[in-house]
Amino acid sequence: MDAASSPSSRVEPLVRVRSLHLTLTSAAGPVAILRGADLDIAAGEAVGLVGPSGSGKTSLLMVLAGLERPTAGSVRIDGAEITGFNEDQLARLRRGVGIVYQAFHLIAGMTALENVAVPLELAGRRDAKDQARAALDAVGLGHRLRHLPGQLSGGEQQRVAIARAFAPLPRLLLADEPTGNLDQETGSAVIELLFRLRAEYGTALLLVTHDPALAGRCGRILRMADGRIAELAGAGAS
């Protein structure tokens, strides 16, 4: 059985990646980032992805989010083959895929409320501000709605980013080193929040991390090396 395949999945998974390749150009010439990666994620499943820097973990997340076009291979999300999507279709895909980055990626000139409301407004939600308020309440920031990112601590900024990711109720959440810029205590609180919301909403999670203990919070742990998902490293509890 493929190391990246869920052993209990008998129906088509929420995410199915086959023979995924990504080659990017550089000053030195073409660079193969992904080299035939395979991956299955079942609906509601939590998967930890570990591996050395440069192994292709972030690039895989960017492809799944529709932010990077693969060179070859198949990517199916919720039954749809996304590799042939046009820009409008990719924009709609991104509305159903939440992303939490290491560096927060909040818009500096917007309040916490506005940052969370943006993806909802782009999706045409008339209740965007109400949903954003509810999402910020859920992460304990209902009292910081009108604060700019520069007026928030690192932990608060990441909680805003988590609220933004969960507000559209995505079926899939991609988290790329979400505690990488936080101290241990703040990072632990952010992770508790992320896993609580994931369980509450039934959201599938692909978590990239260098922390084996954090990866162990997931139901499965996969290891990436040289652009491939090379081995099943172990299992935890989501």
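Observations on the model:
- Hey, Ala27 touching a strand residue (DSSP E or B) at 6+ places or on another chain (Cβ under 9 Å), surrounded by fewer than 19 Cβ atoms within 10 Å (Cβ to Cβ) and hydrophobic (A, V, I, L, M, F, W, C) or not: no
- Sole exception among (1) farther than 18 Å from Arg16 by Cα; (2) modelled with pLDDT of 95 or more; (3) crowded, with 21+ Cβ neighbours inside 10 Å for Leu120, by number: (2)
- Test: residue in region 6-23 that is surrounded by fewer than 22 Cβ atoms within 10 Å (Cβ to Cβ), at pLDDT 95 or above and hydroxyl-bearing (Ser, Thr, Tyr): yes
- Among the candidates Leu173, Leu141, Leu152, Leu182, residue that is touching a helix residue (DSSP H, G or I) at 6+ places or on another chain (Cβ under 8 Å), under 28 Å from Ala43 (Cα atoms) and of a type in the set (A, V, I, L, M): Leu173
- Yes/no for Arg198 being touching a strand residue (DSSP E or B) at 6+ places or on another chain (Cβ under 9 Å), in a helix (DSSP H, G or I) and not acidic (Asp, Glu): yes
- Residue that is surrounded by the fewest Cβ atoms within 10 Å (Cβ to Cβ), among those in region 168-203 that are of a type in the set (Val, Ile, Thr) and within 20 Å of Glu156 (Cβ to Cβ): Thr186
- Residue check for Ile107: under 30 Å from Val139 (Cβ atoms), loosely packed, with under 15 Cβ neighbours inside 10 Å and of a type in the set (Val, Ile, Thr): yes
- With respect to (1) over 24 Å from Val15 (Cα atoms); (2) modelled with pLDDT under 90; (3) not hydroxyl-bearing (Ser, Thr, Tyr), the lone exception for Val190 is condition (2).
- Hey, Ala230 over 16 Å from Tyr101 (Cα atoms), assigned to a strand (DSSP E or B), modelled with pLDDT under 95 and over 15 Å from the mean Cα position of the chain (by Cα) or not: yes
- Of all residues in region 204-223, those satisfying the criterion of being in contact with a strand residue (DSSP E or B) (Cβ under 6 Å, 6 or more places away or on another chain) and either hydrophobic (A, V, I, L, M, F, W, C) or surrounded by 22 or more Cβ atoms within 10 Å (Cβ to Cβ) (or both) are Ala204, Leu205, Leu206, Leu207, Val208, Ala215, Cys218, Arg220, Ile221, Leu222.
- Some residue of region 150-160 being crowded, with 17+ Cβ neighbours inside 10 Å and assigned to a loop (DSSP other than H, G, I, E, B): yes
- Verdict on Ala32 being farther than 16 Å from Asp176 by Cβ and among the hydrophobic types (A, V, I, L, M, F, W, C): yes
- Whichever residue in region 165-195 is touching a Pro at 6+ places or on another chain (Cβ under 9 Å) and part of a helix (DSSP H, G or I) and, among such residues, is nearest to Leu61 (Cα to Cα): Ala165
- The set of residues in region 9-52 being of a type in the set (Val, Ile, Thr) and out of contact with any helix residue (DSSP H, G or I) (no Cβ under 8 Å at 6 or more places or on another chain) consists of Val11, Thr23, Thr25, Val31, Ile41, Val47.
The values are calculated or read from the model by the stated rules, or taken from the named source; none is laboratory data. What you are looking at is a predicted structure, and each value in this text was computed from that prediction instead of being measured. For neighbour counting, all protein chains shown are included, and Cβ atoms are generated from backbone atoms with ideal geometry for every residue, glycine included.
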